[in-house]
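Inspection log for the structure reproduced underneath, given as structure tokens.
The values are calculated or read from the model by the stated rules, or taken from the named source; none is laboratory data. The structure presented is a predicted model; accordingly, all values stated were derived computationally and were not measured. For neighbour counting, all protein chains shown are included, and Cβ atoms are generated from backbone atoms with ideal geometry for every residue, glycine included.
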Amino acid sequence: MSEKVFYDQMSNRIRIRKPVKRIVSIVPSQTELLHYLGLNEAVVGITKFCVHPEEWHRSKVRVGGTKKLDMEKIARLNPDLIIGNKEENTREQVEELMQNYTVWMSDIHNLNDTLEMIAGVGAVLGKEKQANRLITQIKGNFGLLQACTGAQKRAAYFIWQNPYMTVGKETFIHDMMNRCGFENVFAGMPGRYPVVAPAQIIMARPELILLSSEPYPFAQKHIAGFRELCPHSQIMLVDGEYFSWYGSRLAEAPKYLNKVIKEVGKITG
């Protein structure tokens, strides 16, 4: 095949000189996207956090974690293409990979970035038809999202504790919150994932506190601690994959988010 030139979401020029037959994915949500695109044989390596699909998690070679990649394992896999993400992977390791391999990087802040990523990956891998079908499905399903009506619900979304860590306005989770009709009370703080003290949580006066299932596995036992800080707030455990995974799982996300919105309205009412 003649050389084809693409640009990733960090404006890197990607040259594809032969059909891509050996892919290493170092981002869980994008691994799931590759499965949707039908690239079972082509994907030879994933991270230990790539838990979907389950059969890939069991059978594919794991090349370490998203931020601690095993370079020797990647070298043995001899990939034609590595698919990464600016936030999920460390700059130092990505730059090292770029010295030896073709690397396509995503940079995701919102739903529109995700749709662009899906289209870009589909183009590079010759899966435009499947990618466009997924994009249409995601757009259609998000059109059915029933956001909270009236004034936005003042909300805080937590991804970690000890220390408490929340989400800033430059994150994909922030965009999902907004689409649900939830106002991120920590949107004004610097950084993508600000660390906040208990006093800051109290002063923010969130009406709704969302405790994510990942990366910290918040569970029922953690609700009491937040209840002490904010006795008048609604507190809910939520599936973090539907708020933060920006691959093919997004086609299913609106259905789950509508359930969350409905539950919030039920408690309010």
Checking the conditions here, which among Arg205, Arg192, Arg249 is over 30 Å from Glu116 (Cα atoms), in contact (Cβ under 8 Å) with a residue 12 or more places away in the chain and among the basic types (Lys, Arg)? Arg205
Restricting to strands (runs of 3 or more DSSP E) lying wholly in the range 132-184: which have 3 or more residues that are out of contact with any strand residue (DSSP E or B) (no Cβ under 8 Å at 6 or more places or on another chain) and surrounded by fewer than 20 Cβ atoms within 10 Å (Cβ to Cβ)? none
Those residues of the range 19-51 which are modelled with pLDDT under 95 and either surrounded by 24 or more Cβ atoms within 10 Å (Cβ to Cβ) or of a type in the set (Phe, Trp, Tyr) (or both) amount to none
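Results for (1) in contact with a His (Cβ under 9 Å, 6 or more places away or on another chain); (2) polar (S, T, N, Q); (3) free of Cβ contacts under 8 Å to residues at least 24 places away in the same chain, shown as yes or no for each residue.
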{"site": "Val20", "(1), (2), (3)": "no, no, no"}
{"site": "Glu41", "(1), (2), (3)": "no, no, yes"}
{"site": "Ile46", "(1), (2), (3)": "yes, no, yes"}
{"site": "His52", "(1), (2), (3)": "yes, no, no"}
{"site": "Pro79", "(1), (2), (3)": "no, no, no"}
{"site": "Gly84", "(1), (2), (3)": "no, no, no"}
{"site": "Glu88", "(1), (2), (3)": "no, no, no"}
{"site": "Glu92", "(1), (2), (3)": "no, no, yes"}
Failed item, numbered, when Cys148 is tested on (1) in the same structural domain as Leu211 (by TED's automatic domain parsing); (2) touching a residue at least 60 places away in the same chain (Cβ under 8 Å): (1)
